[in-house]
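The values are calculated or read from the model by the stated rules, or taken from the named source; none is laboratory data. Bear in mind the structure is a predicted one, so any value in this text is a computation, not a measurement. Here the Cβ is made from the backbone with ideal geometry for all residues, glycine too, and neighbour counts use every protein chain on show.
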Amino acid sequence: MKSTPARRTPPRASLALASAVFVAVGVGPTSAARAPLPVPAGAVATAADPGALPGPSQDSVQAPLAATLVAVAPSSGAVAALARMSLPQRVGQLFMVGTPATLLSVDVVHAVQVDHVGNVMLTGRSTGGVAATAKVSARLQKLVSVRTTAGVPLFVGTDQEGGLVQVLRGPGFSNIPAALTQGSWSAASVRSYAKKWGLQLAAAGVNVDLAPVLDTVPGPAAVNPPIGRFKREYGFTPALVSSRGGAFAAGLSLAGVDPAIKHFPGLGRVTVNTDVSAGVTDHVTVRHDPYLAPFAAAVRAGAPFVMMSTAIYAKIDAARPAAFSPAVIGTILRGDLNFRGVVISDDLGNARQVAAWTPGARAVAFLRAGGDMVLTVNGALLQPMYAAVLARAKADPAFRAQVDASALRVLVAKQDRGLIPPAHAVGQPPIPASAGQQQLPDVPARLEQPMGVPGS
(Lines give C-alpha, C1' and ligand atoms only; values in the text may rest on other atoms or scores of the structure.)
Protein backbone atom coordinates (compact mmCIF):
# COMPACT_ATOMS: atom_id res chain seq x y z
CA MET A 1 0.00 0.00 0.00
CA LYS A 2 1.18 3.49 -0.76
CA SER A 3 0.73 4.53 2.85
CA THR A 4 3.34 2.04 4.05
CA PRO A 5 7.00 2.92 3.49
CA ALA A 6 8.68 0.02 1.70
CA ARG A 7 12.21 -1.25 1.97
CA ARG A 8 14.43 -1.02 -1.07
CA THR A 9 15.14 -4.75 -0.62
CA PRO A 10 13.11 -7.56 0.91
CA PRO A 11 13.75 -8.10 4.63
CA ARG A 12 17.13 -9.72 5.21
CA ALA A 13 17.79 -9.85 1.43
CA SER A 14 21.12 -8.12 1.68
CA LEU A 15 22.22 -10.67 4.23
CA ALA A 16 22.15 -13.28 1.50
CA LEU A 17 24.35 -11.13 -0.71
CA ALA A 18 26.98 -10.92 1.98
CA SER A 19 26.56 -14.43 3.38
CA ALA A 20 30.03 -15.62 2.45
CA VAL A 21 31.57 -12.66 4.21
CA PHE A 22 29.40 -13.29 7.26
CA VAL A 23 30.39 -16.94 7.38
CA ALA A 24 34.01 -15.87 7.57
CA VAL A 25 33.37 -13.65 10.57
CA GLY A 26 30.79 -15.71 12.40
CA VAL A 27 27.66 -13.77 11.50
CA GLY A 28 24.97 -14.20 8.89
CA PRO A 29 21.31 -14.74 8.17
CA THR A 30 19.19 -17.00 10.29
CA SER A 31 19.24 -20.44 8.70
CA ALA A 32 16.11 -22.52 8.49
CA ALA A 33 18.34 -25.57 8.79
CA ARG A 34 19.61 -24.37 12.15
CA ALA A 35 16.56 -23.49 14.20
CA PRO A 36 17.00 -22.05 17.68
CA LEU A 37 17.17 -24.68 20.37
CA PRO A 38 13.84 -25.43 22.03
CA VAL A 39 13.15 -23.89 25.41
CA PRO A 40 12.25 -26.86 27.61
CA ALA A 41 9.78 -26.12 30.37
CA GLY A 42 11.36 -26.10 33.80
CA ALA A 43 14.93 -26.52 32.55
CA VAL A 44 17.48 -26.04 35.30
CA ALA A 45 21.15 -25.14 34.94
CA THR A 46 23.71 -27.58 36.27
CA ALA A 47 27.42 -27.35 36.87
CA ALA A 48 27.94 -29.14 33.57
CA ASP A 49 25.78 -26.70 31.66
CA PRO A 50 28.11 -24.79 29.34
CA GLY A 51 25.74 -21.86 29.62
CA ALA A 52 27.01 -21.37 33.15
CA LEU A 53 30.46 -20.58 31.80
CA PRO A 54 31.68 -17.81 29.49
CA GLY A 55 31.34 -18.84 25.84
CA PRO A 56 34.13 -18.77 23.28
CA SER A 57 35.75 -15.40 22.80
CA GLN A 58 34.65 -13.60 19.67
CA ASP A 59 38.36 -13.01 19.09
CA SER A 60 38.70 -16.70 18.26
CA VAL A 61 35.84 -16.99 15.78
CA GLN A 62 36.08 -13.85 13.65
CA ALA A 63 38.50 -13.16 10.79
CA PRO A 64 39.53 -9.91 9.06
CA LEU A 65 37.27 -8.73 6.24
CA ALA A 66 39.61 -6.53 4.23
CA ALA A 67 40.54 -9.09 1.58
CA THR A 68 37.00 -10.29 0.89
CA LEU A 69 34.66 -7.31 1.15
CA VAL A 70 34.04 -6.40 -2.47
CA ALA A 71 35.08 -9.68 -4.08
CA VAL A 72 32.51 -11.74 -2.21
CA ALA A 73 29.45 -9.54 -2.54
CA PRO A 74 30.08 -6.66 -4.95
CA SER A 75 26.34 -5.99 -5.36
CA SER A 76 25.78 -5.43 -1.65
CA GLY A 77 25.54 -1.77 -0.72
CA ALA A 78 26.42 -2.63 2.88
CA VAL A 79 29.63 -4.39 1.90
CA ALA A 80 30.57 -1.63 -0.53
CA ALA A 81 29.94 1.01 2.16
CA LEU A 82 32.14 -0.84 4.63
CA ALA A 83 34.92 -1.18 2.09
CA ARG A 84 34.85 2.57 1.51
CA MET A 85 34.91 3.49 5.21
CA SER A 86 38.01 4.39 7.16
CA LEU A 87 38.57 2.67 10.50
CA PRO A 88 37.33 5.75 12.42
CA GLN A 89 34.15 5.73 10.34
CA ARG A 90 33.62 2.02 10.98
CA VAL A 91 34.01 2.58 14.70
CA GLY A 92 31.46 5.40 14.49
CA GLN A 93 28.83 2.96 13.19
CA LEU A 94 29.11 1.07 16.49
CA PHE A 95 27.62 3.88 18.60
CA MET A 96 24.15 5.30 19.20
CA VAL A 97 24.32 8.63 21.05
CA GLY A 98 21.54 10.44 22.84
CA THR A 99 20.34 13.96 22.13
CA PRO A 100 17.27 15.73 23.51
CA ALA A 101 14.26 14.99 21.33
CA THR A 102 13.65 18.72 20.87
CA LEU A 103 17.06 19.80 19.56
CA LEU A 104 20.56 18.83 18.43
CA SER A 105 22.94 18.92 21.37
CA VAL A 106 26.49 20.15 20.97
CA ASP A 107 27.62 16.64 21.95
CA VAL A 108 25.67 14.89 19.22
CA VAL A 109 26.84 17.31 16.53
CA HIS A 110 30.44 16.68 17.62
CA ALA A 111 29.77 12.94 17.74
CA VAL A 112 28.67 12.78 14.10
CA GLN A 113 30.96 15.43 12.62
CA VAL A 114 34.16 14.52 14.48
CA ASP A 115 33.73 10.94 15.72
CA HIS A 116 31.74 9.73 12.69
CA VAL A 117 28.91 8.35 14.83
CA GLY A 118 26.26 6.68 12.68
CA ASN A 119 23.28 6.39 15.04
CA VAL A 120 21.38 8.80 17.29
CA MET A 121 18.70 8.38 19.95
CA LEU A 122 16.08 11.03 20.70
CA THR A 123 15.86 11.18 24.50
CA GLY A 124 13.95 12.94 27.24
CA ARG A 125 10.40 14.03 26.47
CA SER A 126 8.94 16.10 23.64
CA THR A 127 5.42 17.42 23.17
CA GLY A 128 6.22 19.14 19.89
CA GLY A 129 4.52 16.58 17.70
CA VAL A 130 5.42 14.87 14.43
CA ALA A 131 6.30 17.99 12.42
CA ALA A 132 8.67 19.36 15.05
CA THR A 133 10.36 15.99 15.52
CA ALA A 134 10.73 15.59 11.77
CA LYS A 135 12.68 18.86 11.69
CA VAL A 136 15.05 17.57 14.37
CA SER A 137 15.52 14.29 12.47
CA ALA A 138 16.16 16.15 9.23
CA ARG A 139 18.79 18.32 10.89
CA LEU A 140 20.47 15.18 12.18
CA GLN A 141 20.52 13.60 8.73
CA LYS A 142 22.04 16.79 7.30
CA LEU A 143 25.14 16.02 9.36
CA VAL A 144 25.72 13.00 7.11
CA SER A 145 28.42 13.46 4.48
CA VAL A 146 31.19 11.54 2.79
CA ARG A 147 33.56 12.90 5.43
CA THR A 148 31.43 12.10 8.48
CA THR A 149 29.75 8.73 7.83
CA ALA A 150 30.89 7.91 4.27
CA GLY A 151 27.49 9.13 3.11
CA VAL A 152 25.57 6.47 5.07
CA PRO A 153 22.39 7.84 6.73
CA LEU A 154 21.79 7.65 10.44
CA PHE A 155 19.63 5.28 12.38
CA VAL A 156 17.46 7.66 14.42
CA GLY A 157 15.96 5.85 17.39
CA THR A 158 13.79 6.63 20.38
CA ASP A 159 11.85 4.97 23.22
CA GLN A 160 8.22 4.78 22.13
CA GLU A 161 6.91 1.84 24.14
CA GLY A 162 3.79 3.46 25.53
CA GLY A 163 2.51 4.35 28.98
CA LEU A 164 5.15 6.14 31.01
CA VAL A 165 7.85 5.34 28.47
CA GLN A 166 6.93 7.46 25.46
CA VAL A 167 9.47 10.07 24.41
CA LEU A 168 7.45 11.64 21.60
CA ARG A 169 4.04 13.22 22.10
CA GLY A 170 2.07 16.12 20.71
CA PRO A 171 0.21 16.72 17.43
CA GLY A 172 0.37 13.67 15.19
CA PHE A 173 1.50 11.26 17.91
CA SER A 174 -1.01 8.97 19.63
CA ASN A 175 -1.07 8.57 23.38
CA ILE A 176 0.12 4.97 23.52
CA PRO A 177 -1.12 2.89 26.44
CA ALA A 178 1.24 0.85 28.59
CA ALA A 179 2.26 -2.58 27.35
CA LEU A 180 0.23 -4.29 30.07
CA THR A 181 -2.89 -2.67 28.65
CA GLN A 182 -1.89 -3.60 25.10
CA GLY A 183 -1.49 -7.18 26.32
CA SER A 184 -5.24 -7.32 27.01
CA TRP A 185 -5.98 -6.69 23.33
CA SER A 186 -5.93 -9.26 20.54
CA ALA A 187 -2.65 -9.77 18.73
CA ALA A 188 -4.23 -8.40 15.56
CA SER A 189 -5.24 -5.20 17.33
CA VAL A 190 -1.78 -4.72 18.80
CA ARG A 191 -0.23 -5.19 15.37
CA SER A 192 -2.62 -2.72 13.74
CA TYR A 193 -2.10 -0.04 16.36
CA ALA A 194 1.67 -0.59 16.38
CA LYS A 195 1.68 -0.07 12.62
CA LYS A 196 -0.21 3.19 13.12
CA TRP A 197 2.25 4.31 15.81
CA GLY A 198 5.15 3.22 13.61
CA LEU A 199 3.89 5.30 10.71
CA GLN A 200 3.87 8.30 13.04
CA LEU A 201 7.51 7.61 13.94
CA ALA A 202 8.45 7.17 10.29
CA ALA A 203 6.80 10.46 9.41
CA ALA A 204 8.89 12.07 12.15
CA GLY A 205 12.10 10.67 10.67
CA VAL A 206 12.55 7.96 13.32
CA ASN A 207 13.54 4.58 11.90
CA VAL A 208 14.30 2.57 15.08
CA ASP A 209 12.04 2.12 18.10
CA LEU A 210 13.78 0.73 21.18
CA ALA A 211 10.76 -1.47 21.85
CA PRO A 212 9.01 -3.79 22.54
CA VAL A 213 9.87 -5.00 26.03
CA LEU A 214 9.86 -8.81 25.96
CA ASP A 215 10.65 -9.25 29.63
CA THR A 216 8.14 -11.41 31.51
CA VAL A 217 7.19 -10.34 35.03
CA PRO A 218 5.96 -13.44 36.91
CA GLY A 219 2.81 -11.80 38.32
CA PRO A 220 1.11 -8.56 39.33
CA ALA A 221 2.40 -8.85 42.90
CA ALA A 222 6.04 -9.26 41.84
CA VAL A 223 8.50 -6.64 43.09
CA ASN A 224 10.06 -5.53 39.83
CA PRO A 225 11.09 -1.85 39.69
CA PRO A 226 12.36 -1.59 36.09
CA ILE A 227 9.45 -3.28 34.30
CA GLY A 228 6.50 -4.24 36.49
CA ARG A 229 6.37 -0.95 38.37
CA PHE A 230 5.76 0.91 35.11
CA LYS A 231 3.54 -1.77 33.48
CA ARG A 232 6.04 -2.23 30.67
CA GLU A 233 5.37 -5.98 30.36
CA TYR A 234 2.75 -7.37 27.94
CA GLY A 235 1.60 -9.96 30.44
CA PHE A 236 2.62 -12.39 33.13
CA THR A 237 3.38 -15.46 31.00
CA PRO A 238 6.01 -15.95 28.29
CA ALA A 239 3.27 -17.05 25.87
CA LEU A 240 1.31 -13.81 26.22
CA VAL A 241 4.46 -11.68 26.04
CA SER A 242 5.55 -13.57 22.91
CA SER A 243 2.19 -13.04 21.23
CA ARG A 244 1.54 -9.39 22.02
CA GLY A 245 5.15 -8.22 22.06
CA GLY A 246 5.72 -9.99 18.76
CA ALA A 247 2.64 -8.30 17.32
CA PHE A 248 3.98 -4.89 18.39
CA ALA A 249 7.30 -5.63 16.66
CA ALA A 250 5.53 -6.80 13.51
CA GLY A 251 3.42 -3.65 13.35
CA LEU A 252 6.48 -1.42 13.61
CA SER A 253 8.18 -3.35 10.83
CA LEU A 254 5.15 -2.95 8.57
CA ALA A 255 5.42 0.81 9.10
CA GLY A 256 9.08 0.93 8.07
CA VAL A 257 10.52 1.17 11.59
CA ASP A 258 12.96 -1.36 13.04
CA PRO A 259 11.98 -2.74 16.46
CA ALA A 260 14.65 -3.44 19.09
CA ILE A 261 13.45 -6.21 21.39
CA LYS A 262 14.65 -5.89 24.97
CA HIS A 263 16.14 -6.52 27.56
CA PHE A 264 17.86 -9.84 26.86
CA PRO A 265 17.89 -12.24 28.66
CA GLY A 266 15.12 -10.54 30.66
CA LEU A 267 14.60 -7.99 33.45
CA GLY A 268 11.26 -9.33 34.65
CA ARG A 269 12.60 -11.10 37.74
CA VAL A 270 15.10 -8.61 39.15
CA THR A 271 14.16 -6.68 42.27
CA VAL A 272 16.31 -3.59 41.65
CA ASN A 273 16.57 -1.19 38.70
CA THR A 274 19.87 -1.14 36.77
CA ASP A 275 19.33 2.51 35.86
CA VAL A 276 19.66 3.69 39.45
CA SER A 277 21.37 0.86 41.34
CA ALA A 278 24.56 -1.21 41.12
CA GLY A 279 25.00 -4.93 41.68
CA VAL A 280 21.59 -5.76 40.20
CA THR A 281 21.49 -9.55 39.91
CA ASP A 282 18.98 -12.07 38.58
CA HIS A 283 19.33 -15.26 40.64
CA VAL A 284 16.75 -17.26 38.68
CA THR A 285 17.33 -17.23 34.92
CA VAL A 286 19.19 -20.21 33.43
CA ARG A 287 20.51 -20.93 29.97
CA HIS A 288 17.42 -22.73 28.62
CA ASP A 289 14.92 -20.75 30.64
CA PRO A 290 11.21 -20.69 29.68
CA TYR A 291 11.32 -16.90 30.07
CA LEU A 292 13.62 -16.71 27.04
CA ALA A 293 10.78 -17.89 24.80
CA PRO A 294 9.56 -14.39 23.79
CA PHE A 295 13.07 -13.49 22.63
CA ALA A 296 13.48 -16.77 20.76
CA ALA A 297 10.16 -16.25 18.97
CA ALA A 298 11.09 -12.69 17.98
CA VAL A 299 14.46 -13.85 16.65
CA ARG A 300 12.75 -16.55 14.56
CA ALA A 301 10.42 -13.85 13.22
CA GLY A 302 13.42 -11.81 12.01
CA ALA A 303 14.00 -9.22 14.74
CA PRO A 304 16.73 -6.85 13.46
CA PHE A 305 17.91 -5.61 16.90
CA VAL A 306 18.22 -7.19 20.34
CA MET A 307 19.00 -4.95 23.31
CA MET A 308 21.12 -6.39 26.11
CA SER A 309 20.33 -6.07 29.79
CA THR A 310 23.08 -4.87 32.10
CA ALA A 311 21.92 -7.03 35.03
CA ILE A 312 24.10 -9.92 36.21
CA TYR A 313 22.64 -13.42 35.70
CA ALA A 314 24.15 -15.51 38.48
CA LYS A 315 23.23 -18.91 37.01
CA ILE A 316 24.71 -18.05 33.61
CA ASP A 317 27.68 -15.74 34.23
CA ALA A 318 28.02 -14.46 37.78
CA ALA A 319 31.19 -12.52 37.01
CA ARG A 320 29.86 -9.73 34.82
CA PRO A 321 26.75 -7.96 33.50
CA ALA A 322 24.99 -9.62 30.59
CA ALA A 323 26.07 -6.83 28.24
CA PHE A 324 29.71 -7.74 28.97
CA SER A 325 29.21 -11.52 28.93
CA PRO A 326 30.34 -13.78 26.07
CA ALA A 327 28.20 -16.50 27.64
CA VAL A 328 25.01 -14.47 27.37
CA ILE A 329 25.70 -12.83 23.99
CA GLY A 330 27.78 -15.53 22.29
CA THR A 331 26.61 -18.82 23.74
CA ILE A 332 22.93 -18.06 24.26
CA LEU A 333 21.87 -15.21 21.96
CA ARG A 334 24.15 -15.90 19.00
CA GLY A 335 24.41 -19.64 19.63
CA ASP A 336 21.23 -21.11 21.10
CA LEU A 337 18.87 -18.53 19.59
CA ASN A 338 20.93 -18.16 16.39
CA PHE A 339 20.50 -14.38 16.31
CA ARG A 340 22.39 -12.77 13.43
CA GLY A 341 21.23 -9.17 13.66
CA VAL A 342 22.50 -6.16 15.60
CA VAL A 343 23.14 -6.54 19.33
CA ILE A 344 22.67 -3.15 20.99
CA SER A 345 23.43 -2.40 24.62
CA ASP A 346 21.10 -0.89 27.13
CA ASP A 347 22.37 2.52 28.20
CA LEU A 348 26.06 2.35 29.11
CA GLY A 349 26.30 6.06 29.83
CA ASN A 350 24.20 6.95 32.86
CA ALA A 351 23.25 3.49 34.19
CA ARG A 352 24.43 3.06 37.76
CA GLN A 353 24.87 -0.67 37.18
CA VAL A 354 27.99 -0.11 35.03
CA ALA A 355 29.39 2.95 36.80
CA ALA A 356 32.30 0.94 38.24
CA TRP A 357 33.78 0.66 34.74
CA THR A 358 35.27 3.67 32.99
CA PRO A 359 33.28 4.77 29.94
CA GLY A 360 35.95 3.43 27.61
CA ALA A 361 36.10 0.08 29.40
CA ARG A 362 32.31 -0.27 29.12
CA ALA A 363 32.35 0.17 25.36
CA VAL A 364 35.29 -2.18 24.79
CA ALA A 365 33.87 -4.85 27.12
CA PHE A 366 30.51 -4.82 25.33
CA LEU A 367 32.06 -5.14 21.87
CA ARG A 368 34.55 -7.80 22.98
CA ALA A 369 31.67 -9.86 24.38
CA GLY A 370 30.01 -9.86 20.96
CA GLY A 371 27.92 -6.69 21.00
CA ASP A 372 27.60 -4.43 17.96
CA MET A 373 26.17 -1.04 18.96
CA VAL A 374 26.98 0.85 22.15
CA LEU A 375 24.11 3.01 23.40
CA THR A 376 24.93 6.01 25.56
CA VAL A 377 22.12 8.43 26.31
CA ASN A 378 24.76 10.75 27.75
CA GLY A 379 26.40 12.31 24.72
CA ALA A 380 29.21 13.76 26.82
CA LEU A 381 30.55 10.23 27.41
CA LEU A 382 30.77 9.34 23.73
CA GLN A 383 34.25 10.71 23.18
CA PRO A 384 36.07 8.57 25.78
CA MET A 385 34.10 5.52 24.65
CA TYR A 386 34.88 6.13 20.99
CA ALA A 387 38.55 6.85 21.69
CA ALA A 388 38.97 3.62 23.66
CA VAL A 389 37.39 1.49 20.92
CA LEU A 390 39.41 3.16 18.17
CA ALA A 391 42.66 2.77 20.09
CA ARG A 392 41.96 -0.89 20.79
CA ALA A 393 41.09 -1.53 17.13
CA LYS A 394 44.37 0.04 16.02
CA ALA A 395 46.41 -2.03 18.47
CA ASP A 396 44.63 -5.41 18.35
CA PRO A 397 44.00 -7.14 14.98
CA ALA A 398 41.47 -9.54 16.51
CA PHE A 399 39.46 -6.66 17.98
CA ARG A 400 39.74 -4.82 14.65
CA ALA A 401 38.12 -7.84 13.01
CA GLN A 402 35.28 -7.60 15.51
CA VAL A 403 34.84 -3.91 14.70
CA ASP A 404 34.63 -4.74 10.99
CA ALA A 405 32.10 -7.52 11.58
CA SER A 406 29.92 -5.38 13.83
CA ALA A 407 30.05 -2.41 11.47
CA LEU A 408 28.94 -4.70 8.66
CA ARG A 409 26.00 -5.96 10.72
CA VAL A 410 24.91 -2.36 11.32
CA LEU A 411 25.26 -1.50 7.63
CA VAL A 412 23.30 -4.59 6.60
CA ALA A 413 20.51 -3.50 8.95
CA LYS A 414 20.58 -0.08 7.29
CA GLN A 415 20.41 -1.66 3.85
CA ASP A 416 17.51 -3.85 4.93
CA ARG A 417 15.70 -0.76 6.22
CA GLY A 418 16.27 1.03 2.90
CA LEU A 419 18.87 3.52 4.11
CA ILE A 420 21.49 2.02 1.79
CA PRO A 421 20.40 0.93 -1.70
CA PRO A 422 21.55 -2.60 -2.52
CA ALA A 423 24.16 -1.80 -5.15
CA HIS A 424 25.70 1.40 -3.82
CA ALA A 425 25.86 3.43 -0.61
CA VAL A 426 23.81 6.50 -1.40
CA GLY A 427 20.98 7.01 1.07
CA GLN A 428 17.42 7.07 -0.21
CA PRO A 429 15.26 10.12 0.48
CA PRO A 430 13.70 10.14 3.94
CA ILE A 431 10.09 9.10 4.38
CA PRO A 432 8.01 12.26 3.85
CA ALA A 433 6.10 13.76 6.72
CA SER A 434 2.92 13.20 4.71
CA ALA A 435 3.31 9.41 4.79
CA GLY A 436 -0.18 7.99 5.14
CA GLN A 437 -1.58 7.50 8.60
CA GLN A 438 -3.85 4.55 9.30
CA GLN A 439 -7.34 5.68 10.15
CA LEU A 440 -7.56 3.91 13.48
CA PRO A 441 -9.11 5.72 16.45
CA ASP A 442 -6.62 7.16 18.90
CA VAL A 443 -6.38 5.61 22.35
CA PRO A 444 -8.07 8.17 24.61
CA ALA A 445 -6.14 7.68 27.85
CA ARG A 446 -3.87 10.67 28.53
CA LEU A 447 -0.91 9.55 30.63
CA GLU A 448 1.05 12.13 32.56
CA GLN A 449 4.83 11.81 32.75
CA PRO A 450 6.23 11.71 36.30
CA MET A 451 9.85 12.31 37.18
CA GLY A 452 12.26 9.43 37.35
CA VAL A 453 10.66 7.04 34.88
CA PRO A 454 12.93 4.65 32.98
CA GLY A 455 14.46 5.37 29.62
CA SER A 456 15.60 2.49 27.43
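Quick notes on this structure:
- Of residues in the stretch 331-348 being among the small types (G, A, S) and surrounded by 22 or more Cβ atoms within 10 Å (Cβ to Cβ), the one nearest to the chain's Cα centre (by Cα): S345
- Sole residue being under 16 Å from the mean Cα position of the chain (by Cα), closer than 16 Å to Q182 by Cα and assigned to a helix (DSSP H, G or I), chosen from G245, G251: G245
- Scope the stretch 326-352; condition farther than 14 Å from G266 by Cα, of a type outside the set (A, V, I, L, M, F, W, C) and not in a helix (DSSP H, G or I); matching residues: N338, R340, G341, D347, G349, N350
- Those residues of the stretch 355-378 which are buried (at least 24 other Cβ atoms within 10 Å of the Cβ) and touching a helix residue (DSSP H, G or I) at 6+ places or on another chain (Cβ under 8 Å), in sequence order: R362, A363, F366, L367, A369, G370, G371, D372, M373, V374, T376
- Exclusive hit being surrounded by 23 or more Cβ atoms within 10 Å (Cβ to Cβ), at pLDDT 95 or above and of a type in the set (G, A, S), set A293, A301, A311: A311
- Scanning the stretch 151-164 for residues being in contact with a Gly (Cβ under 9 Å, 6 or more places away or on another chain) and more than 15 Å from V208 (Cβ to Cβ) gives a total of 1.
- Looking only at residues in the stretch 154-191 that are farther than 23 Å from S137 by Cβ, free of Cβ contacts under 8 Å to residues at least 60 places away in the same chain and of a type in the set (A, V, I, L, M), the one that is surrounded by the most Cβ atoms within 10 Å (Cβ to Cβ) is L180.
- Any hit, the stretch 221-230, residues being within 22 Å of S189 (Cβ to Cβ) and of a type outside the set (V, I, T): yes
- Within the stretch 341-376, restricting attention to residues that are of a type outside the set (A, V, I, L, M, F, W, C) and in contact with a Leu (Cβ under 7 Å, 6 or more places away or on another chain), the residue that is farthest from A298 (Cα to Cα) is P359.
- Enumeration of residues in the stretch 117-133 that are closer than 22 Å to A413 by Cβ and either in a loop (DSSP other than H, G, I, E, B) or of a type in the set (A, V, I, L, M) (or both): V117, G118, V120, M121, L122
- Annotation note: of V152, V112, V108, V136, the sole residue that is under 20 Å from D346 (Cβ atoms) and either in a helix (DSSP H, G or I) or not aromatic (F, W, Y) (or both) is V108.
- Here T127, T102 are screened, and the one residue that is closer than 23 Å to L381 by Cα and either over 21 Å from the mean Cα position of the chain (by Cα) or surrounded by 23 or more Cβ atoms within 10 Å (Cβ to Cβ) (or both) is T102.
- Checking V217 against (1) assigned to a loop (DSSP other than H, G, I, E, B); (2) surrounded by fewer than 24 Cβ atoms within 10 Å (Cβ to Cβ); (3) in contact (Cβ under 8 Å) with a residue 24 or more places away in the chain, the condition it does not meet: (2)
- Count of residues meeting criterion [charged (D, E, K, R) and not in a loop (DSSP other than H, G, I, E, B)] in the stretch 255-310: 4
- Restricting F236, F173 to residues that are in a loop (DSSP other than H, G, I, E, B), aromatic (F, W, Y) and closer than 18 Å to L122 by Cβ narrows the list to F173.
- Hey, G245 within 24 Å of R417 (Cα to Cα), out of contact with any Ser or Thr (no Cβ under 9 Å at 6 or more places or on another chain) and at pLDDT 95 or above or not: yes
- For the stretch 389-424, the candidate set comprises residues that are within 15 Å of the chain's Cα centre (by Cα) and among the small types (G, A, S); within that set, the residue that is farthest from F95 (Cα to Cα) is A413.
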